[in-house]
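Take this structure, written in structure tokens, and hold onto it; I'll ask about it next.
The values are calculated or read from the model by the stated rules, or taken from the named source; none is laboratory data. Please read all numbers here as calculations on a predicted model, not as lab measurements. Using ideal geometry, Cβ is built from the backbone for each residue, glycine included, and neighbour counts are taken over all protein chains shown. Heads up: the accessible areas ignore ligands, DNA and RNA and are worked out on the full protein's heavy atoms, side chains in. Shrake-Rupley method; radii C 1.70, N 1.55, O 1.52, S 1.80 Å.
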Amino acid sequence: MNKKRVMLLGNHAFVIYNFRKELIQRLLKDGYEVYLSMPYDDEKVPLMESWGCKFIETNVDRRGTNFINDFKLINFYFNIIKKYSPDVVLTYTIKPNLYGGIACSLLKIPYISNITGLGSGFKNDNILKRILILLYKIGLKKSSQVFFQNSSDKNELMQYNVIKNKYEVLPGSGVNLSEYQIKNLPFDNQISFVFIGRIMKDKGIYEYLEAAKTVNRLGYPNVKFNVVGFIEPTEKELIEKLNIMNNNKIINYLGYQSNVKPYIENAHCLVQPSHGGEGLSNVLLEAGAMGRPLIASDIPGCRETIIEGLNGYLFKAKDKEGLVEKVLKMINLTEKELSLMGLESRKKIEKEFDRKVVVERYIKEIKKIEVE
């Protein structure tokens, strides 16, 4: 008897590994053949292949808007889906959702879409947004199920009649509660903040840097601002700014790190100052699971993880002064207050964002497709 085949389409092997590994391992355990279509990663891809996954190297320009390249991606998806004939395709992130969805529709292959955020293209009412709405209508039209990571994205696509049925809001990607265990806050006469994410304007890095500069100017010598993340080599101005502030000891720039757990553990508070486009911030889930107080922009995908004043603080996106105000509030808390905030973060994540819920929901949907 032939094994059932599941194909995952993603834009980054690191992301698929970090947020889908429990689902992949469950599928392999249940006897499925698992195909992974995404760009190559010399660390995570060999690891997933060692589990038994089959890898298809796929060039996905995550942020590009070159229609020739995008058409090539649709064609590539069409060819690999036709070649391997999966029983179901799971799509994640914008381009795999749109173009993988189109390819599956043409080939009449069942697919499950996961909206991990609508992206920055939805923030302005312009031609790009109108094109995206049209592509979402085509890409999601025949999806067996559309999973959202927050209600705001669901409501926005409903507003434009992109989806009408077969949709559900999941608790983001969830978090592995045994992998991200609660850790005591470090108390060594310092308070440490950390930014973890892609280092770019839309993720709020400029607001974070300005907050660090302001707090430094106000005279808080025992406050540290760490920055962890990847920056595109083309961001020359931002790289220079980071290096200058690092050399002047205003921030501690730590570069890209494949394992962020030690950096969360060594922090008293995680800051996520994103401008928008989040599905549900995984780094907030991870930091919350490890018992860290949180500060984040009051936007969909971030606000769901915070109860104001209980486990952290929210501020208006792009508001530098608002972020400084919340950072100073955090600095002025006692050790006991910080610890209690951290405990509340863990409680909230345990109650609402367990990854097991997400895995079981996928398995249920895949089984449903098999009997249809």
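Out of the residues in segment 334-349 that are of a type in the set (S, T, N, Q) and in contact (Cβ under 8 Å) with a residue 40 or more places away in the chain, which is nearest to residue 289 (Cα to Cα)?
Among them, the one singled out is 345.
Hey, does segment 56-76 have a residue that's touching a residue at least 12 places away in the same chain (Cβ under 8 Å), surrounded by 15 or more Cβ atoms within 10 Å (Cβ to Cβ) and closer than 21 Å to residue 366 by Cα?
no
Any idea which residue in segment 326-348 is farthest from the chain's Cα centre (by Cα), counting only those that are open to solvent by 80 Å² or more (accessible area, probe 1.4 Å) and of a type in the set (A, V, I, L, M)?
Filtering first and then ranking leaves 340.
Let me ask something additional. In segment 164-205, how many are open to solvent by 60 Å² or more (accessible area, probe 1.4 Å), in contact (Cβ under 8 Å) with a residue 24 or more places away in the chain and over 30 Å from residue 361 (Cβ atoms)?
5
Is it true that some residue in segment 35-44 is over 19 Å from residue 171 (Cβ atoms), aromatic (Phe, Trp, Tyr) and open to solvent by 30 Å² or more (accessible area, probe 1.4 Å)?
Yes: segment 35-44 contains one or more residues that are over 19 Å from residue 171 (Cβ atoms), aromatic (Phe, Trp, Tyr) and open to solvent by 30 Å² or more (accessible area, probe 1.4 Å).
Which of the residues belonging to segment 100-120 are in contact (Cβ under 8 Å) with a residue 40 or more places away in the chain and open to solvent by 10 Å² or more (accessible area, probe 1.4 Å)?
Of everything in segment 100-120, those that are in contact (Cβ under 8 Å) with a residue 40 or more places away in the chain and open to solvent by 10 Å² or more (accessible area, probe 1.4 Å) turn out to be 110, 116, 119, 120.
Are any residues in segment 123-144 buried (at least 20 other Cβ atoms within 10 Å of the Cβ) and touching a residue at least 40 places away in the same chain (Cβ under 8 Å), and if so, which ones?
Across segment 123-144, the qualifying residues are 139, 140, 143.
Being part of a strand (DSSP E or B), surrounded by 24 or more Cβ atoms within 10 Å (Cβ to Cβ) and touching a Ser or Thr at 6+ places or on another chain (Cβ under 9 Å) narrows it down to one of 296, 287, so name that one.
296
Right, another one. For residue 251, only one of the following conditions fails: (1) touching a strand residue (DSSP E or B) at 6+ places or on another chain (Cβ under 8 Å); (2) open to solvent by 70 Å² or more (accessible area, probe 1.4 Å). What is its number?
The number of the failed condition is (2).
Being hydroxyl-bearing (Ser, Thr, Tyr), at pLDDT below 95, open to solvent by 50 Å² or more (accessible area, probe 1.4 Å) and under 18 Å from the mean Cα position of the chain (by Cα) narrows it down to one residue among 263, 256; which is it?
256
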